[in-house]
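Let me begin by presenting the structure, written as structure tokens, before commenting on it.
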Amino acid sequence: MNENFPKPENFFEKRGSFEADFEMIQSSEEEEIFSSHDSGMEMEGMERSLPRSPFALLRSAEIKARRKSRTKLFADEISENETVADSESSPPQSPKRVAKRLSLFDSPHTPRSLVRRLSQGKENPRLRPRNMHSPVPEAISNPFTPTNRNFRPALSHSARQIRQSRIDVQSRYKSDFLEVSKIGSGDFGEVFKVQNRLDGCFYAIKKTKNPIIGSRTESKAIREVCAHAVLDKHDNVVRYYSAWSEGDRMFIQSEFCNGGSLGDEIADRRLSSHVARPLDQDSVFNLLRDTTSGLAYIHRQKLAHMDIKPANILRVISENKIEYKLGDLGHVTPYDETRYEEGDCRYAAKEIIQSDSCIDLRMGDIFSLGLSAFESATLKILPKNGSEWHHIRSPTFSQLFAVHSHHLSQELATVISRMLADSPSARPTAEEVHLELGRSEVEALKRQVLIERNTSKLLSSQLKRQAGKPRCLKRTKTS
């Protein structure tokens with residue numbers, strides 16, 4: 001720049017804050033232009049040796065045109081300032097002259113460069129390093145995995161991390177799924193049958209009713225998601241697909257069971273006719289066989305379900321075959337946990353509600369499953385409290401059920417009565433019940449094979465006897 005160029009102090013008699021800001025903006029723009037000019041000269045030699053695309057040519061022409069116009073603007077301003085400085089007889093500039101100089105764009109409004117800087121704040125986004133981004137929240141620590149089981153991270157910390165990662169975007173539920181019907185509703189949330197718009201398959205999505213932030217529902221929802229993610233490798237546990245949050249609501253996508261829940265089946269049988277039709281021998285047997293298989297898998301992971309009841313036992317019907325699966329893992333907890341939340345009091349064992357010491361919570365699951373089988377075989381309504389509630393958990397109740405088991409076989413009634421034992425130590429484990437039912441099933445198949453074999457022998461002997469008799473042929477009359 002020319003050394004004869006007068007300093008800005010000579011232009012104005014008295015500068016205000018606006019004039020100072022304007023000079024600062026103008027000087028910064030000049031530095032930006034000259035820096036871009038210098039960098040362009042340095043890159044010019046490199047660009048000559050490389051093939052230039054149409055976009056690069058257009059960009060280069062635009063930069064050159066902008067550089068030329070800005071250079072002309074500075075040259076005109078320098079010549080005007082030199083003329084003003086050389087004229088000795090010219091009077092001092094008036095405030096009107098100052099106002100005319102400030103109207104850079106022939107407008108009485110604030111210059112655009114100043115508006116841009118004031119709107120962007122103190123930090124210039126073009127000077128921000130490219131590697132600086134907003135902090136990404138960490139993933140939650142699953143308390144049910146083997147690596148985290150020793151220190152057991154608090155679910156409240158995981159809840160805070162989920163809140164940090166919640167972003168208001170387009171609803172995934174509405175964009176990815178087509179809502180078909182409402183399956184059920186409870187205190188925790190609502191369950192809908194949906195169809196995926198991409199693969200066309202049907203799924204079940206549970207949606208929380210109320211906002212989960214800062215409520216008891218939040219820890220329950222996170223607990224269910226963590227438990228589903230860990231316990232997703234068994235045929236008799238409802239399969240988990242994904243989970244996300246929208247608008248302070250939690251969504252859990254899981255397997256769709258077309259047969260509904262066992263609780264719905266029991267309610268329908270109670271209202272179907274004047275005479276109650278409980279589940280038959282084979283249905284109760286299949287119920288215990290499938291559920292004990294899934295429960296044994298959960299117990300092998302050193303976890304307890306804590307809320308087994310007919311409403312949380314789902315059914316899958318295919319080709320006249322019913323398969324039972326365990327669902328609703330919102331109360332899952334380590335088996336030796338001392339602080340826990342019990343499930344439905346109608347199916348909970350006495351030690352789960354009354355005990356303050358460290359107990360094996362898996363034995364409580366055995367009692368709840370046995371009571372669910374009892375309700376399926378009798379269709380009796382279980383009480384929430386009172387004398388009858390204590391009677392069901394007394395030693396005499398299981399003994400009476402073993403004797404008066406109605407239509408159940410003696411072996412199956414004995415298994416259920418052992419599951420309903422008053423003492424947790426007297427109850428069998430889920431693995432033992434499953435193996436015992438498997439052995440009884442094998443014995444039943446052997447007996448059936450033996451019966452079929454004897455029947456086939458009897459039929460073959462009858463055929464031989466008929467074949468040994470002489471046949472009498474009737475002569476036909478000939479005309």
For peptides 332-338, 317-323, sequence by mean Cβ density within 10 Å, most packed first: 332-338, 317-323
Per-residue Cβ neighbour rank within 10 angstrom, fewest leading, Tyr347, Tyr173: Tyr173, Tyr347
Estimated inter-spin distance, Asn258 and Gln462, nm [label 7 Å along Cα→Cβ]: 4.0 nm
Hypothetical label at Arg447: residues of the stretch 407-421 whose amide nitrogen lies under 17 Å (7 Å Cα-Cβ projection): 407-416
Radius of gyration, Dmax [the stretch 262-442; alpha carbons; angstrom]: 15.4, 47
Footprinting exposure proxy for Lys464, Lys206 (fewest neighbouring C-beta atoms within 10 Å first): Lys464, Lys206
Within the stretch 262-442: Cβ-based charge dipole about Cα centre, in debye rounded to nearest 20 (Lys, Arg +1; Asp, Glu -1): 260 debye
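Every read-out reported here was derived from the displayed coordinates using simple, explicitly stated rules and does not represent laboratory data. Note that this is a predicted model, so its numbers are computed, not measured. Virtual Cβ from ideal backbone geometry, glycine too; neighbours counted across all protein chains shown.
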